Amino acid sequence: KKISFKNRIFLSNYIKKNSIYSIGIATVDEINKLNILNASLLSMQRAISKLKQKPTMILIDGLFAPKKIKIKYKTIVGGDSKIPSISAASIIAKASRDQFMINLSKKYPRYNWNQNFGYGTSKHLWALKRFGVTAIHRKKFAPIHNILLNKKA
């Protein structure tokens, strides 16, 4: 959040060239079913399982860790601003999310995902009200849930 888009992409490419990393994702359906926290933990679990070299310890930003990991771990609140390896993982994750949103923007140009990167900006909320909710939107996210409720009423 503290790094500009341009610098985030640059740093992400640098980190990926000089590190062992993996990216895990959760689908919109999984996010809607599990909630955003549990879907994030599922994504993390998938990323860990895809690593080509298994670490002996995993440092995790936040309070929670995936339930099914069999590697020693430590959760660290605010870890992305305290621990360089967590900062690096956060940069790669955000740059990957940014690229995903840019690609979505090509399919759904009215929603400004190439500029808001999935955050509910006023322009995005306006587009939701004007053009409706897509299959990509998280139905349980409060603004989208409310739009869907108002359509039914």
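Entry note, the chain: relative contact order of 19 percent, from Cα contacts under 8 Å with a spacing of 6+ residues. Shape summary of region 103-144, radius of gyration then Dmax from alpha carbon positions: 9.3, 25 Å. Residues in region 88-136 average 58 Å² of solvent-accessible surface per residue, probe 1.4 Å, ligands and nucleic acids excluded. Taking only protein heavy atoms and a 1.4 Å probe, the accessible area of region 9-127 is 59% carbon and sulfur.
At full extension, residue 151 and residue 112 could sit 11.8 nm farther apart than now, given 0.36 nm per residue minus the alpha carbon distance. Treating r as the C-beta distance of residue 131 and residue 77 and R0 as 30 Å, the FRET efficiency rounds to 0.20. Each helix, a run of at least 4 DSSP H residues, gives -39500 (n - 2.57); summed and divided by the residues of the chain, these come to -17000 deg cm²/dmol at 222 nm. For region 67-153, the Kirkwood estimate of the hydrodynamic radius, built from every pair of different alpha carbons, is 15.3 Å.
The aspartates and glutamates whose alpha-carbon is closer than 15 Å to the alpha-carbon of residue 139, local same-chain residues fewer than 8 away aside, are 29, 30. Taking every lysine pair in region 44-91 that is 8 or more places apart or spans two chains, those with Cα atoms closer than 23 Å amount to 18. The translational diffusion coefficient of the chain, from Stokes-Einstein at 20 °C and 1.002 mPa s with a Kirkwood hydrodynamic radius over alpha carbon pairs, comes to 126 µm²/s.
Its Cα gyration tensor gives region 8-67 an equivalent ellipsoid. The semi-axes, each the square root of 5 times an eigenvalue, are 22, 15, 11 Å from largest down. For a modelled paramagnetic label at residue 29, 7 Å from Cα along Cα-to-Cβ, no residue of region 93-107 is in reach, as no backbone nitrogen comes under 17 Å.
Working note: Karplus 6.51/-1.76/1.60 with θ = phi - 60° gives region 129-135 the couplings 5, 7, 10, x, 8, 9, 5 Hz, where Gly and Pro are set to x.
The values are calculated or read from the model by the stated rules, or taken from the named source; none is laboratory data. It should be emphasised that the depicted structure is a prediction, and the values quoted were computed from it without experimental measurement. Because the Cβ atoms are built from the backbone with ideal geometry, glycine has one as well, and the counts that use them run over all protein chains shown. These area figures cover heavy atoms from the full protein model, side chains too; ligands, DNA and RNA do not enter into them. Shrake-Rupley method; radii C 1.70, N 1.55, O 1.52, S 1.80 Å.
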